Amino acid sequence: MVARSLLRSNGSTGQLLLEVFKGKGIGSYVCDSKGNKYLDALAGLWCTALGGSEPRLVKAATDQLNKLPFYHSFWNSTAKPPLDLAEELISMFTAKEMGKTALTTGASIFLVAAFIAEPVIGAGGIIPPPKTYFEKVHAVLKKYDILFIADEVSTGFGRLVTMFGSDMYNIKPDLVSLAKALSSAYVPIGATLVSPEISDVIHSQSNKIGLFAHGFTYSGHPVSCAVALEALKIYRERNIPDHVKQISPRFQEGIKAFAGRVGGIFGAECKKRGMLVKVVGDEIAMSPPLIMTHREVDGLVSIYGEALKATEERVAELICKKTRGWKMIARGLLRSNASSSSSQAINLLKYVTTSGSLQGHAQNLWDAPTRHFSSVPSPQSNSTDENGFKGHGMLAPFTAGWQSTDVHPLGCYVYDMDGKKYLDSLAGLWCTALGGSEPRLVKAATEQLHKLPFYHSFWNRTTKPSLDLAKEMLSMFTAREMGKVFFTNSGSEANDSQVKLVWYYNNALGRPDKKKFIARSKSYHGSTLISASLSGLPALHQKFDLPAPFVLHTDCPHYWRFHLPGETEEEFATRLAKNLEDLILKEGPETIAAFIAEPVMGAGGVIPPPKTYFEKVQAIVKKYDILFIADEVITAFGRLGTMFGCDMYNIKPDLVSVAKALSSAYVPIGATLVSPEISEVIHSQSNKLGSFAHGFTYSGHPVACAVAIEALKIYQERNIPDHVKKVSPRFQEGVKAFAGSPIVGEIRGVGMILGTEFADNKSSNEPFPAEWGVGAIFGAECQKRGMLVRVAGDNIMMSPPLIMTPDEVEELVSIYGDALKATEERVAELKSKNNN
């Protein structure tokens, strides 16, 4: 029953389960619960370059978890590890000078139009470039002023005997994407290296419009960065590229000795003999850990030969039964990469094409009985210098300037470089629900790092933590029955995945025109191309050529700002529902796939829905057979006083997105919950196609899942929603008591999330002149008094840790009041100057 709860990537039926390794770490191997040892010839998923038991990476993660498990890199704030990692990556990449590093949670996503290429194509079949290919491509791109993006996600950090694939093929890219071996997959992280020419333009443009409006909650996650820094040290200290040069000839030559033969169920024969390879249709891929010894390489070659011999015997049997196999075999001979155009060794990347006649069998290689597996600060100061942008290597989200560094958390507080304590009223970035020093989460991460730091969830394999977490999440979500969970690395990826899931679903039902999405003005759903398009904030679209044409936006449900004179909340909700229906009819109901909404809008200003809003909206979308996606990235796990926002507003969604508090941000993770109706259609369609071809390398990352499981236990054991119900009335009432201030337009919120909107005229809700920066003044006054808030124009947002005590709530209210009084005085001065 457990296995049924997980929506898997690129798999259909059958599961190979990985769980706790009972003994000592085993480098290039993974072991099942019976003690059977397997040589992992794919390094997890092209990524555990340093094997599955590198103690230095475990120590780096544990040390950082105990020091600072999370702080965001938005609005001129960050931690020291991301700054250090940015500098180190720029230093390591020598194919061309790079200017900045943008950090992400997985394969890097960067919004620049260009030509993109892997130095060696990986998942598409391990295809090295022909001679002079990149030289000629470079010339064409340069001729037409087109940027070159080198996708080094699989080839970076020694895989090809050079530190980067760009070194091997003399590629001079404008941008570079990195992930996988960057942390040896022990924690999710990705990065984009940006040339000085591009980063300078971005800096100049962001100064003009006020910010660089792109980034992810977990951009520069301090734990991920700390592990990556240690991995980079190991690559250099142990000279991993040189080690690859020494062992790769035997790897390449040993495998190529079998050229000219075929294989169909080759993967199953390898597994039987103790080796795991990648099997996709007629393709076998191997990309083992870079730490392999000569003896392990010999073992790999030996298993390969034995498996191939057994496969030949099986092929002969099948040929006797199926004469057409002869024709297919003639077209499917093994490619040995030995032609004149690609004779250079590609080292620890190897591709074998097997018999086309056996493709159907290859798709079912892993349809075996379920088995349980296991594997084995010196902070920087603020800078007001106008050239501060040049002083560090990090391209930071939602900022145009330097970064300050927060270095140590304690419960609901963080401490800066000078030891000053700040009440973190935004919980990092809406996410450290359990505070910054929860020992149970650190313990869960450390224990899983020692057991199994990484294994993927592709091709009918996964890990026990991912299955356990999926089951627990389905049990916790009670607004309606859900059928499956699909794991991502963030809320942005979760919402991005929702679009693909919905499209896949409608295509399976024979409704190819039902592809448009309706979101709401002022909503926030993420920063990928798709999730930023869904978002209704102009800053996320400006200069990025967004939103995408398939995204429509309807009214923002902000009663205070948008209601008509004399209109009640219920009447306002009725009008908005009518406007939504009019939009659907205008576009054609047969073209509208889904409606997405946050139960309480977060980044758009903390906007709770008006009375009866969701009741009326749900009736409209149901009427026209439109799916409802609940974006619970901010509201899930107790934020509103209920376990999910859907519980509070009686929402019955078809899909749900969660992240942030899912792990209390200690390790990046996100997820989508999928209704049984949708998951069953996806399952049926994937069986027809052979696979569900969507997923991320770090989907269901075992460390992230282990931490999330522990977080969910804490939410339930400590009854966090009930605690929120007890402390939130004072939080809400205490702050709302200042609503009579002459500079406050509205204070709104529910549970432990609250927003303040300043206004120059309380009767007309007219905003202050933007150049006055009233919101920024208030934010600075709060910081001066020891509290951090989020400032967005003249909106102030607070979403503190859910573990706040009554005393801490009183401290928050007191600081808020003092800061507001100081802001009133400053506004009075500005008005006086303006009048004179």
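The values are calculated or read from the model by the stated rules, or taken from the named source; none is laboratory data. Bear in mind that the values here come from a model prediction, so they are computed numbers and not experimental data. Cβ: placed from backbone, ideal geometry, glycine included. Neighbour counts: every protein chain shown.
What is the number of the single condition among (1) more than 21 Å from PHE696 (Cα to Cα); (2) buried (at least 22 other Cβ atoms within 10 Å of the Cβ) that ARG159 does not meet?
Going through (1) more than 21 Å from PHE696 (Cα to Cα); (2) buried (at least 22 other Cβ atoms within 10 Å of the Cβ) one by one, ARG159 breaks only (1).
Among all residue pairs at least 6 apart or on different chains, which show Cβ distances below 7 Å where the first residue, located in segment 720-745, is under 12 Å from LEU820 (Cα atoms) and the second is aromatic (Phe, Trp, Tyr) and surrounded by 13 or more Cβ atoms within 10 Å (Cβ to Cβ)?
Listed pairs, sorted by first residue: VAL735/TYR816; PHE738/TYR816; ILE743/PHE758; VAL744/PHE738; VAL744/PHE758.
Filter segment 533-545 down to residues that are touching a helix residue (DSSP H, G or I) at 6+ places or on another chain (Cβ under 7 Å) and at pLDDT 95 or above, then give me how many there are.
Number of matching residues: 1.
I need the full set of residues from segment 415-442 which are in contact with a Leu (Cβ under 6 Å, 6 or more places away or on another chain) and of a type in the set (Phe, Trp, Tyr), in order please.
TYR422
Name the one entry in PHE216, PHE251 that is under 29 Å from ALA307 (Cβ atoms) and crowded, with 24+ Cβ neighbours inside 10 Å.
Among PHE216, PHE251, only PHE251 is under 29 Å from ALA307 (Cβ atoms) and crowded, with 24+ Cβ neighbours inside 10 Å.
For segment 172-193, which residues satisfy the criterion of being over 28 Å from TRP430 (Cα atoms) and crowded, with 24+ Cβ neighbours inside 10 Å?
Hits for segment 172-193 are PRO173, VAL176, ALA181, SER184.
Which residues, counting only those in segment 481-505, are farther than 22 Å from PRO549 by Cβ, surrounded by fewer than 24 Cβ atoms within 10 Å (Cβ to Cβ) and not small (Gly, Ala, Ser)?
GLU481, LYS484
Residue by residue, here is whether (1) touching a Lys or Arg at 6+ places or on another chain (Cβ under 8 Å); (2) farther than 15 Å from VAL633 by Cβ holds:
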site	(1), (2)
GLN498	no, no
SER523	no, no
SER527	no, no
LEU537	yes, no
ASP545	no, yes
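Return a yes/no flag: does segment 113-130 have any residue that is closer than 27 Å to PRO288 by Cβ and part of a helix (DSSP H, G or I).
Among the residues of segment 113-130, not one is closer than 27 Å to PRO288 by Cβ and part of a helix (DSSP H, G or I), which makes the answer no.
How about segment 396-512: which strands (runs of 3 or more DSSP E) wholly inside it have at least 1 residues that are of a type outside the set (A, V, I, L, M) and at pLDDT 95 or above?
Filter on segment 396-512 gives 413-416, 421-424, 484-488.
Would you pick out the residues in segment 718-738 that are in a helix (DSSP H, G or I), out of contact with any Leu (no Cβ under 6 Å at 6 or more places or on another chain) and under 15 Å from LEU640 (Cβ atoms)?
PRO721, ASP722, HIS723, LYS725, LYS726, VAL727, SER728, PRO729, PHE731, GLN732
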